[in-house]
Amino acid sequence: MSKKNTEENKLVVNVDLGKEKISKYIYGHFSEHLGRCIYDGFWVGKESPVPNTRGIRNDIVEALRKINIPVLRWPGGCFADEYHWQDGIGPYEDRPCMVNTHWGGVTENNHFGTHEFMDLCDQLGCEPYICGNVGSGTVQEMQQWVEYLTFDGQSPVSDMRRANGREAPWRVRFWGVGNENWGCGGAMRPEFYADQYRRYAIYCRNFGENRLYKIACGANTADVHWTEVLMREAGRLLDGLSLHYYTVPGSWEEKGSAIEFDGDEWFSTLKKSIYWNELIAMHSSIMDRYDPEKRVGLIIDEWGTWYDVEPGTNPGFLHQQNTLRDALVAGTILNIFNNHCERVYMANIAQTINVLQAMVLTDGEQMLLTPTYHVFEMYKVHQDATLLPIDLVSVPYTNGDETIPAINASASRDDEGKVCLSLCNLDPEREMSISCRLRGMKPARTAGRVLTADTINTHNTFDEPEAVKPEAFDKMSLTGDTLSVSLPAKSVVVLKIE
Ligand code: AHR
């Protein structure tokens, strides 16, 4: 039985004020050649007994289509700066193998390459975001990959594409120039990388009508010096600057278990998720100095929870379960990204299948949807909607001598004028009453859904795949322009107001 909060939570949604659009790309995803994300995840191969279309698993595509994936980042991650795209085209028997040194030292057979990835994007109905190799690749190699993909005229490289079965060029907009080049992508200093970026990016050409949106490797967490140098030295030549930060409840050495955790770890995980507010503010303020018009997008192309790997699995495969806690992390961070959509143009949760904060877990022919998947499904209403500014006063949620706001929220208005409000109650024990004033609107009706569970670590398993799933929600009432809502403890709620 959850306790009821008696203090006051207040929200004002300024329905008549919105001007920024919540870019749908904030709801993007990231899939790397890592563990069982691509192989034994998306890709089962054409001969597999698992139902597939040209080697790509049908059940996964069907599930992911329901969350409207707008963009998918590939092939890494750290893998990107070791990947040589020409190894992943042509007949399978001719594709050379390589060692995936970053991720488990397994042999990569290169069966999932450029054509397979572009086919996957077509099947998902999403845009590709390709990350090129700066760390161990050449300028020519990156230049030719863009040409292979997007050049409609005749050239040795585009003819190679035709010989491999693809006549028309593809449209590719999002192009990453390296990944984590301060670390696994070459251990570079920002000054050196800024020059490398300028050199590589200049050779990534716009062919025909294809226009590249070039994304430079950005900072690790709070490394504002990296952002400063990149904006100063290369700001005019880039469209997007990335930023990576993972939510790790403990330390990098002892991250904590994905499913066996107590109230302290629940709290620290959510506190570290809220840190996104600060991070975005500190990097944005530097970007604002060099780019007051906000032309350059902040591209958060890796985020999510990172726990100790599931016991008994390959430590290099980063396989972890996903509980109600991950749902609260996703709901909270997506609220933060929505509220910063004046600068955040894209975000890509890591990673779609079987790795880190996944949407989908598989075991042979079986597949399950995680609590995080359900948050993406519930929040898809925000994609490309107009952000509504909010004023939120939340009661504190205290753990020991630390405090965070119990409630976080974001709101948007769609083209038909319907308002969507997403609310997270982080307190694991107290139900929260909140009064939401919809200033500038005459609301007539509301409907909603809630995602919660009995315990903080409830998760979906192959035996019980629906332990956490959204349910209809009716604990709200309308009086004039004010909506009174009772948020269950540890819940994500999405309301539609007309
Ligand atoms: O997502 C796992 C890894 O985390 C990525 O390969 C890398 O970019 C980051 O350090």
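Figures for the structure shown
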| read-out | value |
| --- | --- |
| Cut-off under 5 Å, modelled amide H: who pairs with THR247 long-range | GLY304, THR305, TRP306 |
| Solvent-accessible area of ILE259 with every protein chain in place, 1.4 Å probe, in Å² to the nearest 10 | 50 Å² |
| Inter-centroid distance (Cα atoms) of region 379-394 relative to region 211-229, Å | 26 Å |
| Cβ-Cβ FRET estimate between LYS475 and GLU278, R0 fixed at 25 Å, reported to 0.05 | 0.20 |
| Derived scalar couplings ³J(HN,Hα) [region 353-362; Karplus, 6.51 cos²θ - 1.76 cosθ + 1.60; whole Hz; x for Gly, Pro] | 10, 6, 9, 6, 7, 7, 7, 9, 10, 10 |
| Nearest-10 value in Å² for the accessible area of MET287, using the 1.4 Å probe | 0 Å² |
| Under 5 Å, built H, 5+ apart or other chain: amide partners of GLY176 | ILE130, CYS131, GLY132, ILE215 |
| Per-residue [θ]222 nm for the chain (sum of -39500 (n - 2.57) over DSSP H runs n ≥ 4, rounded to 500) | -7500 deg cm²/dmol |
| Accessible-area composition of the chain, carbon plus sulfur, in percent [1.4 Å probe] | 48 percent |
| Cut-off under 5 Å, modelled amide H: who pairs with LYS21 long-range | LEU387 |
| Cysteines in the chain lacking a second Cys C-beta under 4.7 Å | CYS37, CYS97, CYS121, CYS126, CYS131, CYS204, CYS217, CYS341, CYS420, CYS424, CYS436 |
| 14 Å beta-carbon shell around PRO190, net charge (K/R +1, D/E -1) | -3 |
| Charged-residue dipole, Cβ positions (Lys, Arg, Asp, Glu), the chain about Cα centre, Debye nearest 20 | 1620 debye |
| Per-residue HN-Hα couplings for region 69-75 [Karplus 6.51, -1.76, 1.60; θ = phi - 60°; Hz; x = Gly/Pro] | 4, x, 7, 10, 8, 6, x |
| Karplus-derived HN-Hα couplings along region 21-26 (A = 6.51, B = -1.76, C = 1.60, θ = phi - 60°), whole Hz, x at Gly and Pro | 9, 7, 4, 4, 5, 4 |
| Computed lengthening from GLN366 to ARG236, 0.36 nm per intervening residue step minus Cα-Cα distance | 42.0 nm |
| Positive minus negative residues near LEU388 (Lys, Arg vs Asp, Glu; Cβ under 15 Å) | -3 |
| Between region 264-290 and region 468-484, the alpha-carbon center distance in angstrom | 29 Å |
| DSSP bridge pairs, region 288-406: antiparallel proportion in percent, nearest 5 | 60 percent |
| Fraction of antiparallel bridges per DSSP, the chain only, in percent to nearest 5 | 55 percent |
| Per residue accessible area of the chain, 1.4 Å probe, in Å² | 38 Å² |
| Relative contact order (%) - the chain, alpha-carbon pairs under 8 angstrom, separation at least six | 20 percent |
| Qualifying trypsin sites (Lys or Arg not before Pro) for region 396-448 [loop in DSSP, other Cβ within 10 Å: at most 16] | LYS418, ARG445 |
| Local net charge near ARG65, Cβ-Cβ under 15 Å (Lys/Arg +1, Asp/Glu -1) | -2 |
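The values are calculated or read from the model by the stated rules, or taken from the named source; none is laboratory data. Here the structure is a predicted model, which is why all the values come from computation and not from measurement. Cβ: placed from backbone, ideal geometry, glycine included. Neighbour counts: every protein chain shown. The accessibility values were calculated without ligands, DNA or RNA, using every heavy atom of the protein model including side chains. Shrake-Rupley method; radii C 1.70, N 1.55, O 1.52, S 1.80 Å.
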